[in-house]
Amino acid sequence: MSEAQRHPFLQGLSKHRGTPPTVIVIFGASGDLTARKLIPAIYNLGYDNLLPSDFYLVGYGRKEIPDAEFREVATSAIKEFSRRELNNDVWQQVVERTSYVAGGYDDPEAFKRLAAHIAGLEKKLGRELQTLFYISTPPSVFAPILLNLGSSGLASKYLGQPNHSKVIIEKPFGKDLASALKLNTTIRQVFEEHQVYRIDHYLGKETVQDLLVQRFANSIFEPLWNRRYIESVQITVAEEVGVGTRGGYYEQSGALRDMIQNHTMQLVALTAMEPPVSLSAEDVRDEKVKLLKAIQPLNLGPSGDVARAQYADGMMGGKQAPGYLSEEGINPQSATETYAAIRLSINNWRWQGVPFYLRSGKRMARRVTEIAVQFKRPPGTLFAESERFNLAPNTLSFQIQPDEGLSLILNGKVPGLETRTQPVKMNFRYSATFGSNTPEAYERLVLDAMIGDGTLFIRGDEAETSWKLYTPVLEAWAAAGREGMDSYAAGSWGPANADALLAANNHVWRQP
Ligand code: BG6
């Protein structure tokens with residue numbers, strides 16, 4: 001049997017027969033994200049037989065590129081970036097239906113051409129196509145693209161039917177509250193909220209989705225998941241990479257905008273929200289927004305809730321690594337933080353008095369994202385910390401990446417004739433139980449948008465609520481310039497000013 005006969009996608013059968021025939025239009029088709037993430041995600045969905053049987057891909061960009069060249073670029077992207085090797089038989093089915101439209105993002109005529117192109121595909125197929133627009137451009141052209149999708153009629157195509165147009169919007173979703181509000185206003189002029197899929201790729205990660213399963217499919221956690229038993233929660237999103245070639249972007253962004261306001265806050269929301277009434281997109285997102293709204297405004301004064309720093313020269317993997325201010329494209333007087341730490345207070349029934357500590361930085365000792373829930377110590381009447389009793393607080397940590405899994409620190413008796421104790425660790429590792437070929441975040445997200453499931457996307461009010469919390473911090477930091485900016489050696493676990501956030505409560509950062 002040939003590969004073509006063996007592979008169900010090639011026989012036109014999709015596991016998702018519910019997905020209507022679809023055309024994905026990528027704005028920013030020659031960009032980095034398209035090559036690194038989007039094309040490989042589409043290919044792997046095809047490989048797993050999850051694309052609708054009638055599927056088209058259209059690249060859109062300013063550059064004039066012939067169809068054949070775009071197809072070649074897409075094929076090279078798979079060879080370079082896909083988690084699975086290129087299978088020509090599978091990819092051929094997509095490539096044959098891949099085309100490219102050149103045009104400006106603010107050019108209404110070009111959008112009419114795009115509309116005619118899609119109508120042409122429908123005519124050839126003899127069926128209607130759901131159109132999924134993927135806006136993967138710099139944010140400066142989000143608004144013109146959205147407005148042109150409106151005026152060309154593409155945004156409202158088949159509205160009222162399940163195959164209505166949908167739009168995925170890449171990050172960054174605004175740079176502060178005012179810009180996020182403005183972007184939401186533009187979106188709402190053109191699309192209804194249910195058509196809109198705002199990306200936060202952390203929600204596509206398996207381990208992030210697993211948070212909901214662990215919390216609500218197990219009965220042992222819920223009784224303990226509150227202020228009576230939990231001492232604090234620490235969320236670490238540490239990266240080894242520096243800014244690399246993205247200096248231009250990063251100078252305008254910084255750790256707070258790039259990682260804390262979006263990815264890290266999603267981890268907070270999923271860890272701390274109340275159980276939703278159902279797993280529907282609206283019920284889950286209602287609970288997330290409710291939680292975000294319960295977070296108290298941050299104290300920006302001395303000994304307040306925020307800390308920031310830049311990496312200085314240091315050692316990474318045995319090699320000298322330059323500090324942020326000497327990186328390519330960085331202003332030597334830059335006041336952009338590469339590390340931010342925050343102490344959150346959630347003022348609701350469940351969490352009052354339990355600090356949530358967040359930190360994220362580039363050029364840190366190790367790439368690791370984890371959520372560590374630290375429980376209160378038992379009364380020390382029987383086992384109090386001493387030379388014989390080495391004790392640690394019970395800590396449940398969700399290892400989001402890498403080495404995905406879950407671990408629990410318990411205290412146990414050291415075997416022997418006298419009673420001595422020592423902390424021990426129980427470990428669950430995804431790779432050991434399920435193997436290591438897990439789908440990439442973008443595969444899940446593209447698939448969900450095609451199906452019309454918004455659970456793993458950010459709702460408009462969710463983005464606004466998070467910006468509302470952080471905009472005063474951004475403003476205060478912009479006004480202070482470099483004053484209050486700490487530094488940390490590249491390859492370390494971060495600056496001293498972040499330790500001070502925890503010291504007030506006698507807490508210390510965990511070594512993940
Ligand atoms: C992106 C940020 O959103 O997330 C990058 O812009 C960062 O600066 C990246 O490196 C981290 O994503 P991941 O999936 O590698 O943790």
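The values are calculated or read from the model by the stated rules, or taken from the named source; none is laboratory data. Please read all numbers here as calculations on a predicted model, not as lab measurements. Because the Cβ atoms are built from the backbone with ideal geometry, glycine has one as well, and the counts that use them run over all protein chains shown. Surface areas here come from the heavy atoms of the whole protein model, side chains and all, with no ligands, DNA or RNA. Shrake-Rupley method; radii C 1.70, N 1.55, O 1.52, S 1.80 Å.
Only one entry in I342, I371 is more than 16 Å from the ligand (Cβ to nearest atom) and in contact with a Leu (Cβ under 7 Å, 6 or more places away or on another chain), namely I342.
If a residue must be more than 19 Å from K319 (Cα to Cα), in contact (Cβ under 8 Å) with a residue 60 or more places away in the chain and either open to solvent by 50 Å² or more (accessible area, probe 1.4 Å) or not in a loop (DSSP other than H, G, I, E, B) (or both), how many such residues does the range 488-509 contain? Walk me through how you get there before you give the answer.
Just the residues of the range 488-509 that are more than 19 Å from K319 (Cα to Cα), to begin with: 495-509.
Pick out the ones that are also in contact (Cβ under 8 Å) with a residue 60 or more places away in the chain and you get 495, 497-498, 500-502, 504-505, 507, 509.
Then drop every residue that is not either open to solvent by 50 Å² or more (accessible area, probe 1.4 Å) or not in a loop (DSSP other than H, G, I, E, B) (or both), which leaves 497-498, 500-502, 504-505.
Counting residues in the range 488-509 that are more than 19 Å from K319 (Cα to Cα), in contact (Cβ under 8 Å) with a residue 60 or more places away in the chain and either open to solvent by 50 Å² or more (accessible area, probe 1.4 Å) or not in a loop (DSSP other than H, G, I, E, B) (or both) gives 7.
Assessment of the range 265-285 against the conditions (small (G, A, S), surrounded by fewer than 21 Cβ atoms within 10 Å (Cβ to Cβ), in contact (Cβ under 8 Å) with a residue 60 or more places away in the chain and more than 15 Å from the ligand (Cβ to nearest atom)) yields at least one matching residue. Based on this model, can you work out whether A312 counts as more than 16 Å from the ligand (Cβ to nearest atom), under 27 Å from A479 (Cα atoms) and open to solvent by less than 20 Å² (accessible area, probe 1.4 Å)? Considered against the rule, which asks whether it is more than 16 Å from the ligand (Cβ to nearest atom), under 27 Å from A479 (Cα atoms) and open to solvent by less than 20 Å² (accessible area, probe 1.4 Å), A312 comes out as no. Using the structure shown, decide if A441 is among the aliphatic types (A, V, I, L, M), over 21 Å from L33 (Cα atoms) and either open to solvent by 60 Å² or more (accessible area, probe 1.4 Å) or touching a Lys or Arg at 6+ places or on another chain (Cβ under 8 Å) (or both). Against the criterion (among the aliphatic types (A, V, I, L, M), over 21 Å from L33 (Cα atoms) and either open to solvent by 60 Å² or more (accessible area, probe 1.4 Å) or touching a Lys or Arg at 6+ places or on another chain (Cβ under 8 Å) (or both)), A441 does not qualify. All conditions in (1) assigned to a strand (DSSP E or B); (2) surrounded by fewer than 15 Cβ atoms within 10 Å (Cβ to Cβ); (3) within 16 Å of the ligand (Cβ to nearest atom); (4) not aromatic (F, W, Y) hold for P423, with the sole exception of (3). Being in contact with a strand residue (DSSP E or B) (Cβ under 8 Å, 6 or more places away or on another chain) and either within 12 Å of the ligand (Cβ to nearest atom) or open to solvent by 10 Å² or more (accessible area, probe 1.4 Å) (or both) is the filter here, so list the residues in the range 225-249 that pass it. Passing the criteria: Y229, E231, T236, V237, A238, E239, E240, G242. Of everything listed in (1) modelled with pLDDT of 95 or more; (2) part of a helix (DSSP H, G or I); (3) within 16 Å of the ligand (Cβ to nearest atom), the single unmet condition for K182 is (3). Being crowded, with 16+ Cβ neighbours inside 10 Å, over 24 Å from the mean Cα position of the chain (by Cα) and either part of a strand (DSSP E or B) or without any contact (Cβ under 8 Å) to a residue 40 or more places away in the chain (or both) is the filter here, so list the residues in the range 451-487 that pass it. Scanning the range 451-487 gives D486, S487. Taken as a whole, the condition of being modelled with pLDDT of 95 or more and either within 16 Å of the ligand (Cβ to nearest atom) or of a type in the set (D, E) (or both) does not apply to Q296. Total residues in the range 85-106 satisfying the condition of being surrounded by 14 or more Cβ atoms within 10 Å (Cβ to Cβ) and assigned to a loop (DSSP other than H, G, I, E, B): the figure is 6. Taken over the range 158-171, the criterion of being open to solvent by 40 Å² or more (accessible area, probe 1.4 Å) and more than 19 Å from the chain's Cα centre (by Cα) is satisfied by Y158, L159, G160, Q161, P162. Would you mind stating whether K15 is open to solvent by 60 Å² or more (accessible area, probe 1.4 Å), in contact with an Asp or Glu (Cβ under 9 Å, 6 or more places away or on another chain) and modelled with pLDDT of 95 or more? No: the conditions fail for K15.
Conditions tested, residue by residue: (1) open to solvent by less than 20 Å² (accessible area, probe 1.4 Å); (2) within 16 Å of the ligand (Cβ to nearest atom); (3) in a helix (DSSP H, G or I).
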{"residue": "R127", "(1), (2), (3)": "no, no, no"}
{"residue": "L146", "(1), (2), (3)": "yes, no, yes"}
{"residue": "F173", "(1), (2), (3)": "no, yes, no"}
{"residue": "I187", "(1), (2), (3)": "yes, no, yes"}
{"residue": "L212", "(1), (2), (3)": "no, no, yes"}
{"residue": "R215", "(1), (2), (3)": "yes, no, yes"}
{"residue": "P223", "(1), (2), (3)": "no, no, yes"}
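Candidates are the residues of the range 348-406 that are touching a residue at least 60 places away in the same chain (Cβ under 8 Å), within 23 Å of G314 (Cβ to Cβ) and part of a loop (DSSP other than H, G, I, E, B); the one that is most open to solvent (accessible area, probe 1.4 Å) is R367. The residue of the range 189-209 that is nearest to the ligand (Cβ to nearest atom), among those that are farther than 19 Å from T137 by Cβ and open to solvent by 30 Å² or more (accessible area, probe 1.4 Å), is K205.
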